[in-house]
1. Hey, if we sort MET240, MET266 by accessible area with the 1.4 Å probe, largest down, what's the order?
2. Could you sort CYS534, CYS275 by their accessible area in this structure, using a 1.4 Å probe and putting the largest first?
3. Could you do me a favour and compute the accessible area per residue for the range 392-498, 1.4 Å probe, result in Å²?
4. So in the chain, what percent of DSSP beta bridges are antiparallel if you round to the nearest 5?
5. As an exercise, use a Förster radius of 56 Å and the Cβ-Cβ distance of ASP124 and LYS521 to find the FRET efficiency, rounded to the nearest 0.05.
6. With 46 Å as the cut-off, how large is the P(r) tail for the chain, expressed as percent of Cα-Cα pairs?
7. For the range 134-288, what is the accessible area per residue in Å², given a 1.4 Å probe and the full set of protein chains?
8. Plugging the Kirkwood radius over Cα pairs into Stokes-Einstein for the range 470-521, at a temperature of 10 °C and a viscosity of 1.306 mPa s, what D comes out in µm²/s?
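The values are calculated or read from the model by the stated rules, or taken from the named source; none is laboratory data. Here the structure is a predicted model, which means the values were calculated and not measured. With ideal geometry, Cβ positions are generated from the backbone for all residues, glycine too; neighbour counts draw on all protein chains shown. The accessibility values were calculated without ligands, DNA or RNA, using every heavy atom of the protein model including side chains. Shrake-Rupley method; radii C 1.70, N 1.55, O 1.52, S 1.80 Å.
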Amino acid sequence: MRKRWWHNKTAYQIYPKSFKDSNGDGIGDLRGIIEKLDYLKDLGIGIVWISPIYQSPFVDQGYDISDYYAIDPAFGTMEDMEELLAQAKKRDIAIVMDLVVNHCSDQHAWFQEALKDPFGPYGDYFYIREGKNGNPPCNWRSYFGGSVWEPLPGYDNLFYLHLFAKEQPDLNWENPKLRQEIYRMIRWWLKKGVSGFRLDAIINIKKDLRFQDFPADREDGMCAGTTMLAYADGVTDFLMEMHKEAFAPYDAFTIGELFDFRPEEMERYIGDQGCFESIFDFAPHLLGASENGWYDRKKVTMDEFRDAVFESKAISQEIGMMANIIENHDEPRGVSRYLPKSGQTERGKKLLAGISLMTFGLPFLYQGQEIGMTNKEFRSIREVDDINTLDEYQVARDHGLTEEEALRVISQMSRDNARTPMQWSDEAHGGFTEGIPWLPVNENYQQIRADEQQKREDSLLNFYKKLIALRTNPKYEEVIVYGKQEPLNQALDNFTGFYRKGKETTLLILANTQEEPRSLKLPVPVRRIVLDNCSAVSSAEEHAFDSVNSITLEGYQFLVLEVEDSNG
Ligand code: TEU
Ligand code: CA
């Protein structure tokens with residue numbers, strides 16, 4: 001694997017609308033991010049990905065872009081952005097933007113032109129097709145419900161394709177002119193000083209151009225739009241071209257958001273000659289999913305989480321570095337989702353943090369994760385803003401769930417769980433805003449907040465700092481960044497254990513993912529405890545460990561041990 005500057009970094013995702021509001025309008029903004037750069041620096045963050053801040057009508061919270069060259073006034077101005085880039089650079093923090101180019105907003109000039117003349121040059125920027133006697137061309141369902149085809153206003157029997165909301169028309173990547181427009185825009189931002197991009201929903205840019213029906217997968221007679229991906233060959237041709245024309249000239253950091261990819265394509269995605277530098281590992285997040293919708297999802301155990309992560313590492317670690325997440329702006333909070341009820345404590349949260357950050361790959365935190373923010377209890381559907389959640393609520397209701405049952409589903413799965421404002425302090429609205437927040441703050445902000453955890457030595461936040469610091473600690477950097485990951489006792493229930501084997505150092509990571517203590521035979525002599533979530537270990541050197549061959553782990557104990565090389 002070719003060494004890259006970002007390999008020993010820890011990354012952090014900011015959802016700008018909910019991070020920090022600087023002017024009291026209830027919406028987080030760029031000046032708010034600038035205010036908090038020192039907080040991020042102190043945490044040890046080296047890369048920050050900011051969800052979309054471009055001009056947008058906010059049908060899908062900025063993932064519907066109406067001008068790729070403009071900052072939305074809700075977030076600030078282009079000068080604010082330039083200032084953010086400069087301030088981040090001073091602190092050696094790379095800024096990564098969101099690249100949303102599978103679709104744009106229906107308010108984008110391109111689409112407005114296409115509406116005027118569907119057969120003109122801009123019509124060909126989109127997928128405009130004839131329907132079947134006034135009905136959609138095929139039976140694909142959009143991510144957010146309903147057909148992917150929307151009648152083109154003012155025309156008989158013409159439809160445009162949108163895999164997401166109808167206000168997010170898909171861009172026609174088959175059109176070389178469109179592709180060049182996108183590459184030009186990417187280069188423009190890179191030239192400005194952005195370090196790279198997170199590529200939104202990027203696998204979808206290649207369509208199965210036959211636009212034919214597939215067998216229905218729900219009672220509505222439709223099939224998931226993503227069904228077509230199995231028949232859409234050649235996405236990597238587009239991606240390689242984009243890499244060559246836009247990213248390579250600036251040596252940009254790129255991280256793909258892709259589901260539904262084929263494992264044998266890993267090399268082409270994140271290998272040394274791949275189209276991206278990294279991709280997110282969504283394996284644990286796909287667990288328990290049902291094609292029927294959120295109401296039909298299965299609860300995921302920590303052992304399933306472990307198995308999914310181990311499998312991802314097995315297929316990727318010889319090739320490249322995936323990014324490890326427990327949550328993001330589309331997912332529920334990781335601590336609420338993966339930890340058993342009895343483990344939803346600060347100790348359990350440290351354990352989950354430890355597993356995630358000691359796993360081979362680029363650690364990627366989502367805002368609030370570092371203080372253990374949790375899901376929110378939604379008591380009424382009126383508390384929800386997210387378009388995806390509103391649809392899933394309706395799907396659950398249509399399936400016969402009561403209002404109360406449907407709200408329970410939403411409380412577990414809603415994307416708004418992750419989008420409630422960041423909990424900075426015990427001031428009103430968690431110190432996020434001096435006005436009224438666009439989405440209510442989680443009721444638990446007095447218990448879970450950054451300022452308190454900053455001060456408390458044994459807090460989750462400080463545990464994250466230790467984990468992050470290990471990644472650049474000269475003693476452990478090589479093993480944590482590059483050491484091979486190998487499972488330990490994977491057949492044990494409620495247990496996650498693995499080695500990280502470096503050139504000179506071997507670490508053993510043990511996590512007792514249950515309330516009951518357990519004794520464990522240690523396969524190799526232990527040299528020292530590097531990190532322990534049950535007692536404070538301030539520095540590795542101070543805690544030499546007597547050679548022992550068994551250990552008793554407390555409930556939800558997490559340990560990083562330096563051990564003798566198991567092969568020698
Ligand atoms: O997400 C793509 C994607 O596949 C998700 O929509 C996912 O399936 C869904 O959120 C599960 O509930 C990206 C963005 O991360 C998301 O916020 C956007 O809504 C979407 O693209 C459209 O741009
Ligand atoms: Ca604001």
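1. Details: MET240 75, MET266 0 Å².
These residues rank, largest area first, as MET240, MET266.
2. Numbers: CYS534 40, CYS275 0 Å².
Largest accessible area first, the list is CYS534, CYS275.
3. 43
4. Percentage antiparallel, nearest 5: 60.
5. The calculated FRET efficiency here is 0.25.
6. 13
7. On the way: 5950 Å² over 155 residues.
Accessible area per residue: 38 Å².
8. Once the numbers are plugged in, D ends up at 132 µm²/s.
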